[in-house]
Amino acid sequence: MLKKIDKRTKNNFITYAMIIIVFMVVQILLASQSVSSLMQGLLVPLCVYVILAVSLNFTVGILGELSLGHAGFMCVGAFSSAFFSMCTKDVITLGGLRFFLALIVGALSAALFGVLIGIPVLRLKGDYLAIVTLAFGEIIKNIVNTLFIGKDSAGFHFSLKDSISMNMEPGGEVLVNGPQGITGTPQNSTFTIGVILVLITVFIILNMIHSRDGRAIMAIRDNRIAAESVGIDITKYKLMAFSISAGLAGAAGVLYAHNLTTLNASPKNFGYNMSIMILVFVVLGGIGNIRGSVIAAVILTLLPELLRGLSDYRMLVYSIVLIVMMLFNWAPKVREWRERHMPKNLLKRKQTARGDK
Amino acid sequence: MALLDVKNLGISFGGLQAVNAFDIQIEKGELYGLIGPNGAGKTTVFNLLTGVYKPNEGIVKLDGSDITGKSTIDISKAGAARTFQNIRLFKELSVRDNVKVGLHNQYHYNTVEGIFRLPRYRKVEKAINERAMEILKVFELEGTASVLAANLPYGKQRKLEIARALATSPKLLLLDEPAAGMNPNETKELMDMIQFVRDKFDMTVLLIEHDMKLVSGICEKLTVLNFGEVLAQGVTSEVLNNPQVITAYLGE
Amino acid sequence: MSFLNYLINGISLGSVYAIIALGYTMVYGIAKMLNFAHGDVIMIGGYVSLLASSTMGLSPLLSILITVVVCTALGVIIEKIAYRPLRNASSSLAVLITAIGVSYFLQNVALLIFGANAKSYHSMVSVPAINIAGKMTITGETIVTVVSCIIIMVVLTMFIKKSKSGQAMLAVSEDKGAAQLMGINVNKTISLTFAIGSGLAALAGILLCSAYPSLTPYTGAMPGIKAFVAAVFGGIGSIPGAFIGGILLGVIEILGKAYISSQLADAIVFAVLIVVLLVKPTGILGKNIQEKV
């Protein structure tokens, strides 16, 4: 009994150690100037994608629901925090404190959206839930694109049409400019902060999984009717999982927003394209496998950059690699072949419960 | 006062009366059997008693409190636990974790305490673990505690389902065809175990079964269900010798 | 533009969505998978027909024929190589992700061959526009699109009901294992499903580009998503559902663009979907399957 607890803690420890070691290696490389500016620019986005992947894995792998709108929560977190930072730029001059508050604003707003969306959505069945979450992601992105918020001495102004209909005084400042988004967000994100957020995310998720709440959530995933029969409040735990996942995605959004001078809700970075990209990380890393999500997010983000040599062909190669990896990992006939030629590998895989990494 | 007191329970689905005027009284500590031909409505009765279906008429009282029409979760908290005809285990969880889920409402700490691993988390988790292993020992499953539930052989899966139900500290245990798919040896083992559970945990058991050896072996009283209605009720030996019951099972 | 005009445009756009949705719903109902690459087959259909008619100078009829053949073959090949090996995988997400990979693949192949710049498309439709009482014009494209959609619907429904292959498809959609035991060749049936779906996608591509003549490698993606929404809206797995869902979606989109806001039109479409699903979780014509306890 004690051995098992140690095994799990050891497993988790490996994950944390991995992240910290990579961080230290990168810091050394940065200090010795051996990192290209291209790679430097990827450091914060890498952290963003890792947080998104780990949080989505909580919904997909632990709660067992397919959410295709994860980018929507990132969007909520990004815009709410950027708006907050813009508004308090002159009031709270201590950058670190302001960013910390922005983080809370972003994460809580996203978590709130998680609850609001979760209440109607989580009672839908599988594929319907998938399409509705996708729809919500698109709606959020769309609405943010038509949002105009401005501030003048009279207070805040708001419009869904254009900046002129806000009827602001000449000295008024347009904070959110529709499709042009928010400009001038203080750039508080750093790689160090990113890694800290990654560690916090992994800490929260791993500890949730190995707790009473986590077991309840996984029980719902495995057999909802049986979970009900032992007295587990299905709605409560589904909402809990969904909103924690959303809140963490919101935090990723905050990190993302404070890394750019301009923040806008383009289809590429907040639409279903992003949601699907994160899902690919999750599936490739292993559904329910948190460490796998971290690794997959890093590799699959770096891969297109590493393939830059192939320039025009790299996305093509990326898609082929994706298809081949899926077939290699999941096709039953391929797995049988692997079992015959590498028996130990596959046996080990089937023995760990989903969620134990 | 009977532990389970059911009067006039009934439900119809789209015009078809699946269960009609169902009465049953089970005393505390009794080992009670619900039998009848296939399609008689036995699982429907279980579903009515455990909140999966809401009855159209009737009253259900468990240990004096009215649980008619309540939700599955409330009924579980009121003290009724069940197993299912087609085993419903948490397949991707370990054997031990399946039981721990059963213990969900018996031990508490909140989410924050869980995430930050506060002292209460450690204390309560230790207690949960000990209790889970205790329960597994009763069912001789402690050796497979870390095994994935899906990887257990069939007979052990059935035992695990009962162990999980027991973990909820119920007053009434409802077993739906616990011996289904078992060979005679496994059935004998199961019979001993059900009686052991009843004796050691002061349990009241209502079980659905087709296996007559088990029914006549351990059930003290029986209710026979046919076409959704009670055909016969009473002491096992009398009921099994009732000519109407024999006809219902063997046909005209 | 009058309300009637918008309505007709909506029905026309909706017809295209319906044709695409048919492919989605058939593949989902029979092969039990979400073919994410379906929208991109439409895009391929657009490019192939453009290649055939503009570059090779073939007649519209011949171009359409070639496009349908190419897309049908493409669909069957994709199914055989990328989807069939994963049919019995332990998670249904596996084939979904692979479909996403195929989608990226098709988009990038098109990007490499044709470039990112929008190509202008020559309408394949030679039916003249109708002018009604001098007040309203219905374009030839609109007429052909709506009529094609209706014909396809009727033919498909009859095919499923009357032909042996159609009945086989129904059987596989109900219970793959049982169908196999009854001697139905499940592989061939699923291949046929993909063939029909992809052939329809080819037609949808031609009709879409004829009405909205700008073609890029990403042209198929959004209509693909919307058509999937339409299929779910109408009740996934239901052919009349795909039809109703598609038409309704097109009408809502065009009316939304016209009367509320062109930016928010997409949001409105999705919002309607959400409202419908909350009221009837299995879609308008969807079947309610109760889980057995």
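Yes or no: C:Leu34 under 18 Å from the mean Cα position of the chain (by Cα) and outside any helix (DSSP H, G or I)? When the stated conditions are applied, C:Leu34 passes them. Residues of the stretch C:91-100 that are more than 7 Å from every other protein chain (Cβ to nearest Cβ) and part of a helix (DSSP H, G or I): C:Val95, C:Leu96, C:Ala99. For A:Pro179, are the conditions met, namely being away from chain C (no Cβ under 14 Å) and either over 23 Å from A:Pro267 (Cα atoms) or out of contact with any strand residue (DSSP E or B) (no Cβ under 9 Å at 6 or more places or on another chain) (or both)? It is false that A:Pro179 is away from chain C (no Cβ under 14 Å) and either over 23 Å from A:Pro267 (Cα atoms) or out of contact with any strand residue (DSSP E or B) (no Cβ under 9 Å at 6 or more places or on another chain) (or both). Residues of the stretch B:111-123 that are more than 8 Å from every other protein chain (Cβ to nearest Cβ), of a type outside the set (D, E, K, R) and assigned to a helix (DSSP H, G or I): B:Val112, B:Pro119. Would you check if C:Asn88 is outside any helix (DSSP H, G or I), under 19 Å from C:Ala221 (Cα atoms) and either touching a strand residue (DSSP E or B) at 6+ places or on another chain (Cβ under 9 Å) or not hydrophobic (A, V, I, L, M, F, W, C) (or both)? Answer is no for this residue.
Here C:Ser103 passes the criteria (1) under 23 Å from C:Gly224 (Cβ atoms); (2) among the hydroxyl-bearing types (Ser, Thr, Tyr); (3) away from chain A (no Cβ under 13 Å) except the one numbered (3).
Of the residues that make up the stretch B:187-204, is at least one within 24 Å of B:Leu9 (Cα to Cα) and either within 14 Å of another protein chain (Cβ to nearest Cβ) or assigned to a strand (DSSP E or B) (or both)?
Looking only at the stretch B:187-204, we keep the residues that are within 24 Å of B:Leu9 (Cα to Cα), and these are B:203-204.
Within this subset, residues satisfying the condition of being either within 14 Å of another protein chain (Cβ to nearest Cβ) or assigned to a strand (DSSP E or B) (or both) are B:204.
Yes: one or more hits.
Residues considered: C:Ile143, C:Ile160. Of these, the only one that is assigned to a helix (DSSP H, G or I), under 19 Å from C:Gly14 (Cα atoms) and within 19 Å of the chain's Cα centre (by Cα) is C:Ile143. The residues on offer are C:Ser123, C:Ser103, and the sole one that is polar (S, T, N, Q) and out of contact with any Pro (no Cβ under 8 Å at 6 or more places or on another chain) is C:Ser103. Considering the stretch A:116-149, and only residues there that are at the interface with chain C (Cβ under 8 Å from one of its Cβ atoms), over 18 Å from A:Ala78 (Cβ atoms) and over 20 Å from the mean Cα position of the chain (by Cα), the residue that is modelled with the highest pLDDT turns out to be A:Pro120.
Which count do you get for residues in the stretch A:150-165 that are within 12 Å of another protein chain (Cβ to nearest Cβ) and not aliphatic (A, V, I, L, M)? Lay out the reasoning, then the answer.
Here is the first cut: in the stretch A:150-165, the ones within 12 Å of another protein chain (Cβ to nearest Cβ) are A:159-162.
Applying the additional criterion that residues be not aliphatic (A, V, I, L, M) yields A:159, A:161-162.
Going through the stretch A:150-165 one residue at a time, the tally reaches 3.
Is it the case that C:Ser12 is in a helix (DSSP H, G or I) and surrounded by fewer than 24 Cβ atoms within 10 Å (Cβ to Cβ)? Judged against the criteria, C:Ser12 is not a match.
Of everything in the stretch C:54-88 that is within 14 Å of chain A (Cβ to nearest Cβ) and without any contact (Cβ under 8 Å) to a residue 40 or more places away in the chain, the residue that is surrounded by the fewest Cβ atoms within 10 Å (Cβ to Cβ) is C:Asn88.
Taking the stretch C:36-48 as the range and being at pLDDT 90 or above and either basic (Lys, Arg) or more than 19 Å from C:Ile247 (Cα to Cα) (or both) as the test, the residues that pass are C:Ala37, C:Asp40, C:Val41, C:Met43, C:Ile44, C:Gly45, C:Gly46, C:Tyr47, C:Val48. Confirm whether B:Asn86 is free of Cβ contacts under 8 Å to residues at least 24 places away in the same chain and either more than 19 Å from A:Asn223 (Cα to Cα) or more than 18 Å from the chain's Cα centre (by Cα) (or both). For B:Asn86, the condition - free of Cβ contacts under 8 Å to residues at least 24 places away in the same chain and either more than 19 Å from A:Asn223 (Cα to Cα) or more than 18 Å from the chain's Cα centre (by Cα) (or both) - is not met.
Across the stretch B:26-41, the number of residues qualifying as of a type in the set (S, T, N, Q) and modelled with pLDDT of 95 or more comes to 0.
Name the residue that is nearest to A:Gly178 (Cα to Cα), counting only residues in the stretch A:290-307 that are within 13 Å of chain C (Cβ to nearest Cβ) and within 15 Å of the chain's Cα centre (by Cα). Let's see the steps before the verdict.
So in the stretch A:290-307, the residues within 13 Å of chain C (Cβ to nearest Cβ) come out as A:296, A:300, A:303-304, A:307.
When the remaining residues are screened for being within 15 Å of the chain's Cα centre (by Cα), the result is A:296, A:300.
Numbers: A:Ala296: 34, A:Leu300: 32 Å.
Ranking the qualifying residues of the stretch A:290-307, first place goes to A:Leu300.
Residues in the stretch A:275-286 include at least one that is within 14 Å of chain B (Cβ to nearest Cβ) and surrounded by fewer than 24 Cβ atoms within 10 Å (Cβ to Cβ).
A single entry from A:Ala265, A:Ala246, A:Ala226 fulfils the requirement of being more than 27 Å from A:Lys10 (Cα to Cα), without any contact (Cβ under 8 Å) to a residue 24 or more places away in the chain and surrounded by 23 or more Cβ atoms within 10 Å (Cβ to Cβ): A:Ala226.
The values are calculated or read from the model by the stated rules, or taken from the named source; none is laboratory data. Only a predicted model underlies this, so the values are computations on that prediction, with no experimental measurement involved. Note: ideal-geometry Cβ built from the backbone for every residue, glycine included; neighbour counts use all protein chains shown.
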